[in-house]
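See structure below.
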Protein chains: 4
Amino acid sequence: MTDAAATPDETYSYLGPAGTFTEAALKQVPEAAGKAWRSVNNVGEALADVTSGRSIAAMIAIENSIEGGVSATQDALATVPGLRIVSEVLVPVNFVLVARPGTRLDEVRVVNAHPVAYAQSRGWLERNLPAHGHIPSSSNVQAAAALLEAGSPADAAVAPPGIVDHYDVEVLARDLGDNPNAVTRFVLVSRSRALPEPTGADKTSLIVELPSDEPGALLAMLEQFSTRGVNLSLLESRPIGDALGRYRFVVDLDGHVSDERVADALLGLRRTSPKVIFLGSYPRADQQEIEYHAKYDDEIFIEARDWLRGLLSGEPD
Amino acid sequence: MTDAAATPDETYSYLGPAGTFTEAALKQVPEAAGKAWRSVNNVGEALADVTSGRSIAAMIAIENSIEGGVSATQDALATVPGLRIVSEVLVPVNFVLVARPGTRLDEVRVVNAHPVAYAQSRGWLERNLPAHGHIPSSSNVQAAAALLEAGSPADAAVAPPGIVDHYDVEVLARDLGDNPNAVTRFVLVSRSRALPEPTGADKTSLIVELPSDEPGALLAMLEQFSTRGVNLSLLESRPIGDALGRYRFVVDLDGHVSDERVADALLGLRRTSPKVIFLGSYPRADQQEIEYHAKYDDEIFIEARDWLRGLLSGEPD
Amino acid sequence: MTDAAATPDETYSYLGPAGTFTEAALKQVPEAAGKAWRSVNNVGEALADVTSGRSIAAMIAIENSIEGGVSATQDALATVPGLRIVSEVLVPVNFVLVARPGTRLDEVRVVNAHPVAYAQSRGWLERNLPAHGHIPSSSNVQAAAALLEAGSPADAAVAPPGIVDHYDVEVLARDLGDNPNAVTRFVLVSRSRALPEPTGADKTSLIVELPSDEPGALLAMLEQFSTRGVNLSLLESRPIGDALGRYRFVVDLDGHVSDERVADALLGLRRTSPKVIFLGSYPRADQQEIEYHAKYDDEIFIEARDWLRGLLSGEPD
Amino acid sequence: MTDAAATPDETYSYLGPAGTFTEAALKQVPEAAGKAWRSVNNVGEALADVTSGRSIAAMIAIENSIEGGVSATQDALATVPGLRIVSEVLVPVNFVLVARPGTRLDEVRVVNAHPVAYAQSRGWLERNLPAHGHIPSSSNVQAAAALLEAGSPADAAVAPPGIVDHYDVEVLARDLGDNPNAVTRFVLVSRSRALPEPTGADKTSLIVELPSDEPGALLAMLEQFSTRGVNLSLLESRPIGDALGRYRFVVDLDGHVSDERVADALLGLRRTSPKVIFLGSYPRADQQEIEYHAKYDDEIFIEARDWLRGLLSGEPD
């Protein structure tokens, strides 16, 4: 798991440094085991590694059950061409409070924490360290790492559990997160055009822009899904950024593009939207099988096409 | 134009006898000129001539601008399999009042008329013959023909203008119809599987049954058209006949089945309806070019399919 | 049950003569018992009796399970103002074959029958009297009455069972109708503005015109119902008559106008349609209780209005 | 503009410290001029000032044309009861680079910046200071203020233009923002129940939860607006936070709750959504008059209600 001498085919990029939740996500990917892992500073760098060919794939956070979509990721996927999501990974959000060895909890006055981690741990901190001060960090790992720098003003840090594998810190408390069900969804992104095989428990991710001058455009987009019995598991709006009120939509839907109902919905979407980015069809992390009404079965679509072909070719009914 | 010695390929059936509006409609069909014309008694007989191969085609009335859809025709097309509409013809509804030669208008006491013709001429009759009695006839031509039978109780008949070519009657008055714009639409029906070439001014006729146990099924059917920019020029409900509240729908839509947007709507319809009968795509009698939004152009559909094919085959974007 | 000396408040009009199915329908109306019954020739006369005040109400046929909506009734209700349906009655369609006393079935050569009755009995007649001829009559009763006229060319008539109470004819056969479930729906029409009390098993009848220049207008109309959970039991299109392709819709919906969800749907309809005719809310003949989702309960509507009123008046939440 | 001795009726809270964009927003509010302004640390504190009665109103950022909705604000408004938006303010996002007096641009090695400000200025920084390092700050003002602390590791800071009124720093460069049209939308929040008067150029803000177990629930919500001709200017999803896939929607719509079409849409929404939070109707900052189809005029709604009332009361049509 080092950068040295690794060929691109063997390198995976992730938002580092070592010890982040993103690293924990990458650990769940079997094919990344034993390969070179490259720690990067932000999602832009991670995706650039992939598009430039420096890495074969990158692990990035895309959604948090509490904070919502990760805007930077959503915006990067909307603007960097040529990327595909090939798998997803769920990681429980489970913070620990760490300190330099020998520190006691009642000695903690100032806490390093990334703003998001701080927000999610605030309840615990206010109950247990009511007088604490907060220093914002640029990342969860940096919060812990900074403890070890000379002259660090902080006494403790909010960090992911994996931090103790990489830094000489001690855990003062576990399970700081206010919401025990909190989970972050990560996706592994590559340049590969090959679609993962359908498994019956798949997800398809899209980014869709709507025609700006048509009221009801979102309604029309949603109808493309509903008339084919395609359920959405995620729908987030993101500003396109050129003016207030202009949005693109980040969509996750149940099913694989090789499912007839999904393919047909994508056709409808492509026809009616000025821009549709297909981010991939890939197995759901929760392996939950997709359920849909029998009237949207593949055979129904195939039978209808055969019927139409017969009409057009002049065959008897 | 006689039945004798005609081969089926040369015979056209129509609701007779000679002199009806249906005959007037058949006169507008160039390819029927010089062929054998077979007069039949009702739409069932006309369609049976076609399905049995006795005639190559049959002309039948399908819609009247005042009375609405011709139920007998709609129901026959819904239940007799293997038929296709190959062209449509519009005939103005323009009744004349005829009588035995020598009769004066002020001598008319009793008028023969088919109930529909009577209803459409009632305003004229009440203004000009306020004291008249009405004897219902089984057809417009029979109304006139019966005048010439011995002991006819009627003095005059409401009949189509063409009647004078076939019966020894005189016209007492013209333009009896209360609505000068009244028009009847006829269709020429055959067994041919070959689709008439698209002309840009086409119509497609369907009969569609809806799933009986789904509220909103009609709404869902209409959305299949609206989401593809397909306009309907006719939508009539007809009872299926097995119970109150069960309907099939007679649909005419703008466009030809070889138009991408129409084909795609038919696919959607076929998938969601328990029964779709395709009655044909054929040129509109009024030759009015179909207008639709550029976003439903054929190229839009073709581009979307190419895009999807690329996704599925793993081609680069 | 005679016309003589009856005051309007005591007179009921119906499509006569005595012996028709319409008379059978009127017999089912408790409040008409013992009142004067006035036989009229057509639906126009029946409704004119009501609007002129000559009768307190009129019984007219509005829908047949086989033939569909009765066009003449639908068109009359769309154009004659000031009418209200106050109740509905279902009458099974059950034809008998009658003849002059002493006639045997095997002597029958020619059969009088109203075209609709003939169509519905055709299967029986072709099986049992394969060589019969048909003379069309202007009504079911007239078909039988004409048998008794001097020089009648017919030997038998298709007629309603009640005919034997009024004419000296004998029943040769019963249950001629091809469909044993066939039923005709009649409505009792008055000028009364008072709404029948809601019973929980009610129906509301409307006639709705659509804006002619808006594609999707029918879709929009149906959404007014579906978004309030209001089910339609009848939806028929009728040409307005001024041009091909212009329709009004005859609508029966489940529920009473005093039900909140129905009232709200009517508001939406009134706002979006150029013309809405309210024909009445009245108990269903089949007394089947209306079922609808709890989210469309009256209380839901009332709570929402209270909430809005609070917002507008500046009350605390 | 100081906290001392101010009564709640005279105090406005804002995300401080002095010099922030939020302060710039508050400067645009005429009624806040001359009152006490209270600087707070985060949106939670600002809203707590309002709900506790410590302040009469609070100015908070709600949306950024580049970053999208401000999640913390959206989530706070969704969970803190009793709040109302009474006005909105737009502030151009226009960063300056500041330093301790005497510093030259070519001397800058390390830059303090709030992560969002850094992201929006990155293009400028990479072009003009390609070798710079970045230290994240907890706010835009803190980035500048920290320059003046002893031992500050940074040489310059990205800050709002107003910073120079409050801190002894000098501007090294202006217009750092990569997008010259970037703008942030602020809202003034109070406990007031009184609705601002409609102006014809109003906006209404809502937070809506959807029934979780109904596919098509978002579609149904959007139809509540589209069927009343109500346009949405903002629609953002936010995770409710209890599980992946559960969302609430932040909605801004064109119009005032006292507009009939808006009121009726709110009724529909209230009936079909498990939770609707009305955040207020208030004048648009851009004063752009709302346009809508004449068929959604107030009079249309009023006429329909009068008509329905007539039906229910039994008045003649």
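Quick look at the numbers
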| quantity | calculated |
| --- | --- |
| B:Glu289 vs. criteria over 32 Å from the mean Cα position of the chain (by Cα), farther than 15 Å from B:Ser258 by Cα and either facing another protein chain (nearest Cβ under 10 Å) or not in a helix (DSSP H, G or I) (or both) | no |
| Candidates C:Ala194, C:Ala144, filtered to the one that is more than 27 Å from B:Asp242 (Cα to Cα) and free of Cβ contacts under 8 Å to residues at least 60 places away in the same chain | C:Ala194 |
| Criterion violated by A:Phe278 - all others in (1) of a type outside the set (Lys, Arg); (2) more than 18 Å from the chain's Cα centre (by Cα); (3) within 8 Å of chain B (Cβ to nearest Cβ) satisfied | (2) |
| Residue list for the range B:233-261, filter: touching a strand residue (DSSP E or B) at 6+ places or on another chain (Cβ under 6 Å) and more than 22 Å from B:Asn64 (Cα to Cα) | B:Gly245, B:His256, B:Val257 |
| Condition check for A:Ala154: aliphatic (A, V, I, L, M), touching a strand residue (DSSP E or B) at 6+ places or on another chain (Cβ under 8 Å), within 14 Å of chain D (Cβ to nearest Cβ) and within 22 Å of A:Pro17 (Cβ to Cβ) | yes |
| The range A:214-232, residues that are at pLDDT below 85, at the interface with another protein chain (Cβ under 7 Å from one of its Cβ atoms) and on the phi < 0 side of the Ramachandran plot | A:Pro215 |
| Answer residue from the range D:279-317, given it is surrounded by fewer than 18 Cβ atoms within 10 Å (Cβ to Cβ) and basic (Lys, Arg) and is farthest from C:Gly268 (Cα to Cα) among those | D:Arg309 |
| Subset of the range C:242-288 (residues that are of a type in the set (Ser, Thr, Tyr) and either farther than 27 Å from B:Val251 by Cβ or modelled with pLDDT of 95 or more (or both)) | C:Ser258, C:Ser281, C:Tyr282 |
| Top-ranked residue in the range B:120-141 [being free of Cβ contacts under 8 Å to residues at least 40 places away in the same chain and in contact with a strand residue (DSSP E or B) (Cβ under 9 Å, 6 or more places away or on another chain); ranked as nearest to B:Val171 (Cα to Cα)] | B:Leu129 |
| Any chance D:Val257 is surrounded by 22 or more Cβ atoms within 10 Å (Cβ to Cβ) and either of a type in the set (A, V, I, L, M) or within 11 Å of chain C (Cβ to nearest Cβ) (or both) | no |
| Restricting the range A:86-130 to residues that are small (Gly, Ala, Ser) and in contact with a Phe, Trp or Tyr (Cβ under 7 Å, 6 or more places away or on another chain), the residue that is modelled with the lowest pLDDT | A:Ala117 |
| Matching entry among C:Thr199, C:Thr184 (being closer than 27 Å to C:Ala145 by Cβ and among the β-branched types (Val, Ile, Thr)) | C:Thr184 |
| Neighbours by Cβ (under 9 Å, 6+ apart or cross-chain): first from the range B:84-105, at positive phi; second assigned to a strand (DSSP E or B) | B:Gly102/B:Glu170 |
| Verdict on D:Gly53 being on the phi > 0 side of the Ramachandran plot and more than 9 Å from every other protein chain (Cβ to nearest Cβ) | yes |
| Residues of the range D:292-301 satisfying the condition of being more than 10 Å from chain C (Cβ to nearest Cβ) and at pLDDT below 95 | D:Tyr292, D:His293, D:Ala294 |
| Filter result for the condition that a residue is in contact (Cβ under 8 Å) with a residue 60 or more places away in the chain, of a type outside the set (D, E, K, R) and not assigned by TED's automatic domain parsing to the domain that holds B:Ala72, over B:Ile302, B:Ile240, B:Ile290 | B:Ile290 |
| Pair list, Cβ under 6 Å, 6 or more apart: the range B:222-234 residue touching a residue at least 60 places away in the same chain (Cβ under 8 Å), other residue among the charged types (D, E, K, R) and crowded, with 20+ Cβ neighbours inside 10 Å | B:Arg228/B:Arg261; B:Arg228/B:Asp264; B:Gly229/B:Arg261; B:Val230/B:Arg261; B:Asn231/B:Asp254; B:Leu234/B:Asp252 |
| Residue within the range C:165-187 that is in contact with an Asp or Glu (Cβ under 7 Å, 6 or more places away or on another chain), surrounded by fewer than 21 Cβ atoms within 10 Å (Cβ to Cβ), part of a helix (DSSP H, G or I) and at negative phi present | no |
| Matching residues in the range A:233-251 - criterion: being closer than 15 Å to A:Ile277 by Cα and within 7 Å of another protein chain (Cβ to nearest Cβ) | A:Leu235, A:Glu236, A:Ser237, A:Arg238 |
| Among (1) over 27 Å from the mean Cα position of the chain (by Cα); (2) not in a loop (DSSP other than H, G, I, E, B), the one test that D:Glu315 misses | (2) |
| Yes/no for C:Thr204 being touching an Asp or Glu at 6+ places or on another chain (Cβ under 8 Å), among the polar types (S, T, N, Q) and not in a helix (DSSP H, G or I) | yes |
| Among the residues listed as A:Arg104, A:Arg100, A:Arg109, A:Arg127, the single one being surrounded by 14 or more Cβ atoms within 10 Å (Cβ to Cβ), among the basic types (Lys, Arg) and outside the structural domain of A:Asp286 (by TED's automatic domain parsing) | A:Arg100 |
| Yes/no for A:Ser205 being more than 9 Å from chain B (Cβ to nearest Cβ), touching a residue at least 60 places away in the same chain (Cβ under 8 Å), within 22 Å of A:Asp298 (Cα to Cα) and within 17 Å of the chain's Cα centre (by Cα) | yes |
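Table: residues versus (1) under 30 Å from D:Ile85 (Cβ atoms); (2) touching a helix residue (DSSP H, G or I) at 6+ places or on another chain (Cβ under 9 Å); (3) aliphatic (A, V, I, L, M).
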position	(1), (2), (3)
D:Leu148	no, no, yes
D:Gly151	no, no, no
D:Ala154	no, yes, yes
D:Asn179	yes, yes, no
D:Ser192	yes, no, no
D:Pro196	yes, no, no
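The values are calculated or read from the model by the stated rules, or taken from the named source; none is laboratory data. This is a predicted model, so every value here is computed, not measured. As a convention, Cβ positions derive from the backbone with ideal geometry for all residues, glycine included, and neighbour counts pool all protein chains shown.
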